[in-house]
Structure formats: structure tokens, C-alpha cells
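K.L.:
Shown below is the structure under consideration.
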């Protein structure tokens, strides 16, 4: 475990060089891969040895192939992990994790303490990183989106605003399943999806719009707000502010739907704990228990009405 950073770095480099994409049509030699990826052949061989040893790739007679694990690093496959692997090699993120001790000693966000800006400002200042970040969120959302649309009944909903919805993968899944729903992706201008994501049903486009703005200030009027992986990015005070913004614009009888992983959910303890530490280190937020989310809702004059667990290790917390 102590040397786990080495595997993370190796995976990031393989993702950056698009090794799994280059193996999509079958086994290739190191020489072929190195030539295509503009890499040093001997050094690439040494990298592939490591990734074969942990089951990412398989070698036979000098040719390398994807394993099922390697397939997950291909571009565009459902739930692709390539954007995440690429994102994690960003020097600012690496350095922030190297500053973890500062967070543990002080309770302060390691990223901002080290770089002088928070991770959101970093995205604005580094467009290439921002693009990879958005691709990663879209890939992760593709795994969750169908599960949320299946688990929660949107049949009585007319208008959904996907708050902080990025490229709109979750909203597209809801619109595809519920033809009576119209939707708005709401996010910052450098993030927001201006058209349905690739693979969305053609029927979605006519019921799709986008708006940019600041969710601490205002959001478009709706009878349902979706906030997936938003509140865990922020400390409690900011979470309450976001929820109050939604409550002010919520149509009578409407709902606020928070989609998050929960601390204390049986079977997901390790995943949630690591994510919680990541929230401390990078954006400065935290993962929470059901009771902690209920307290946030109460502080924003909302009431947690029910919790629906999905098949994707995330839960829908409904508040009114």
C-alpha cells in the first residue's frame, strides 16, 4: 500500500499514451505501440511489464492485449476510467496529495493551501485540465445516470434542472426515460453542456436547454432539482447556501434530489472513506452520512422525505 502511488502513475501514463485505445483491434508489439505513441520503446516495455503484472494488459509471444481491466481504460466505453487516470496525473493534484499532512493537522484544504487557488479556479485557469475533468465527470455519470433514472420515479415531474450538471449525462438519462419531462443543464459557462451528450436519444434534444450561472446566487425555476456529486465538494455552510438557492426557486410541491454516496452504507465503507479523504484534499468538501444530509436540508428549510438506494453505489436523497 505504501508504494501505491507508483501504480497510479503507471496507469496515468498508459492512459495519456492511449495504450488501451491502441489495443482495441487486437494485440500489438511494443515497437508498434511505441511508434504510434511517440514513446521510447524500452521504457514503454518496462511500463507494460508492471501493468501486465497487475492484470491491466496481457502479454503473449511479445504482443500485448487488453484484459477486461485494460478495456476500462479505452476512450468512450461505458464508464471509461481513462479520463480519471489522465486527470490524476495533473501536477497540481499530485502535489495536493503530497500536502495531505497539512489538511490533517489544520483541517484546511490541502489544494488551496498549496496553490493559493481552489480546484475550481484551477479548472478555469487550465482549460486542458478542465476538459479532462469534464470528460471524467461525464464518464462517471454514465454509470450512475441510468441507475438514478430507474430508481427514482419522475413521472409527476415536468421540469428538471440538473444543478452543476456539467455535460448533462444524468439529465439525458432522465429525459430519455420520461418523455413528459423537459430539462435544463445549469453550470458555469466553461463547463455547461450546450447540447445533449453523445449517445443521447434523438427525442431528448427538443426537451433540452442549458443555462450558465452561479448556484450560490440563483438557479432556473423548476419542480425538481438534481444535484449529483455537488454537495460533497463543499463544506456545510456552502452546502446550505446551495440548497437555499434551490429552495427559493422551487415550484410548489417540488423536490430537491441530492445524489451522493453515503458514509456508513454497508459494503461501501472503503470506497466512501477514500472519497471522503479526497474531498478534504482537493475541493475541501466531505462525504456525509444520511443524518448529516438531513441536517443540511433542515438548515436550508427543507426536510429529508426519503432515501432511495440505487444499483450504482449512490443514493437519491429526496427533500421537500
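The values are calculated or read from the model by the stated rules, or taken from the named source; none is laboratory data. Remember, predicted model here, so these are calculated numbers, not experimental data. Note: ideal-geometry Cβ built from the backbone for every residue, glycine included; neighbour counts use all protein chains shown.
K.L.:
Can you work out which of the residues in segment 111-125 that are surrounded by 13 or more Cβ atoms within 10 Å (Cβ to Cβ) and part of a loop (DSSP other than H, G, I, E, B) is nearest to the chain's Cα centre (by Cα)?
P.N.:
118
K.L.:
In addition: Mind listing whichever residues of segment 82-110 are under 20 Å from residue 125 (Cα atoms) and surrounded by fewer than 16 Cβ atoms within 10 Å (Cβ to Cβ)?
P.N.:
91, 94, 95
K.L.:
Looking at (1) more than 22 Å from residue 145 (Cα to Cα); (2) modelled with pLDDT of 95 or more, can you tell me which one residue 254 breaks?
P.N.:
With respect to (1) more than 22 Å from residue 145 (Cα to Cα); (2) modelled with pLDDT of 95 or more, residue 254 is out only on (1).
K.L.:
Then there is this: Among the candidates 234, 208, single out the residue that is within 22 Å of the chain's Cα centre (by Cα) and more than 25 Å from residue 78 (Cβ to Cβ).
P.N.:
Numbers: 208 fails: more than 25 Å from residue 78 (Cβ to Cβ).
Going through 234, 208 in turn, just one is within 22 Å of the chain's Cα centre (by Cα) and more than 25 Å from residue 78 (Cβ to Cβ): 234.
K.L.:
Could you tell me which numbered condition residue 109 fails, if it satisfies all but one of (1) touching a helix residue (DSSP H, G or I) at 6+ places or on another chain (Cβ under 6 Å); (2) within 14 Å of residue 281 (Cα to Cα)?
P.N.:
Result: residue 109 fails condition (1) only.
K.L.:
Looking at segment 147-171, which of its residues are free of Cβ contacts under 8 Å to residues at least 40 places away in the same chain and in contact with a helix residue (DSSP H, G or I) (Cβ under 8 Å, 6 or more places away or on another chain)? Steps first, please.
P.N.:
Just the residues of segment 147-171 that are free of Cβ contacts under 8 Å to residues at least 40 places away in the same chain, to begin with: 149, 153, 155-156, 166-167, 169.
Hits for segment 147-171 are 149, 166, 167, 169.
K.L.:
Ok, one more. In segment 286-298, how many residues are in contact with a helix residue (DSSP H, G or I) (Cβ under 9 Å, 6 or more places away or on another chain), assigned to a helix (DSSP H, G or I) and free of Cβ contacts under 8 Å to residues at least 60 places away in the same chain? Walk me through it before giving the result.
P.N.:
Going through segment 286-298, the residues in contact with a helix residue (DSSP H, G or I) (Cβ under 9 Å, 6 or more places away or on another chain) turn out to be 286-288, 292-293, 295-297.
Subset that is assigned to a helix (DSSP H, G or I): 292-293, 295-297.
Now restrict to residues that are free of Cβ contacts under 8 Å to residues at least 60 places away in the same chain: 292, 295, 297.
Number of matching residues: 3.
K.L.:
So is residue 163 modelled with pLDDT of 95 or more and buried (at least 23 other Cβ atoms within 10 Å of the Cβ) or not? Explain how you work it out, then say what you get.
P.N.:
Details: modelled with pLDDT of 95 or more: yes; buried (at least 23 other Cβ atoms within 10 Å of the Cβ): yes.
Judged against the criteria, residue 163 is a match.
K.L.:
Are any of the residues in segment 301-315 part of a helix (DSSP H, G or I) and either at pLDDT 95 or above or over 25 Å from residue 107 (Cβ atoms) (or both)?
P.N.:
So the first thing to find is which residues in segment 301-315 are part of a helix (DSSP H, G or I), and the list is none.
Scanning segment 301-315 turns up no residue that is part of a helix (DSSP H, G or I) and either at pLDDT 95 or above or over 25 Å from residue 107 (Cβ atoms) (or both).
K.L.:
Restricting to segment 247-285, what's the tally of residues that are on the phi > 0 side of the Ramachandran plot and assigned to a loop (DSSP other than H, G, I, E, B)?
P.N.:
Residues of segment 247-285 that are on the phi > 0 side of the Ramachandran plot, as a first pass: 253, 264, 267, 284.
Among the residues that remain, those that are also assigned to a loop (DSSP other than H, G, I, E, B) are: 264, 267, 284.
Summing the residues that are on the phi > 0 side of the Ramachandran plot and assigned to a loop (DSSP other than H, G, I, E, B) in segment 247-285 gives 3.
K.L.:
Being farther than 30 Å from residue 278 by Cβ and in contact with a helix residue (DSSP H, G or I) (Cβ under 7 Å, 6 or more places away or on another chain), is that true of even one residue in segment 180-191? Even if it seems obvious, please write down each step before you answer.
P.N.:
Keep residues of segment 180-191 that are farther than 30 Å from residue 278 by Cβ, which gives 180-182.
Filter once more, so that each one left must be in contact with a helix residue (DSSP H, G or I) (Cβ under 7 Å, 6 or more places away or on another chain): 181-182.
Checked segment 180-191: at least one residue is farther than 30 Å from residue 278 by Cβ and in contact with a helix residue (DSSP H, G or I) (Cβ under 7 Å, 6 or more places away or on another chain).
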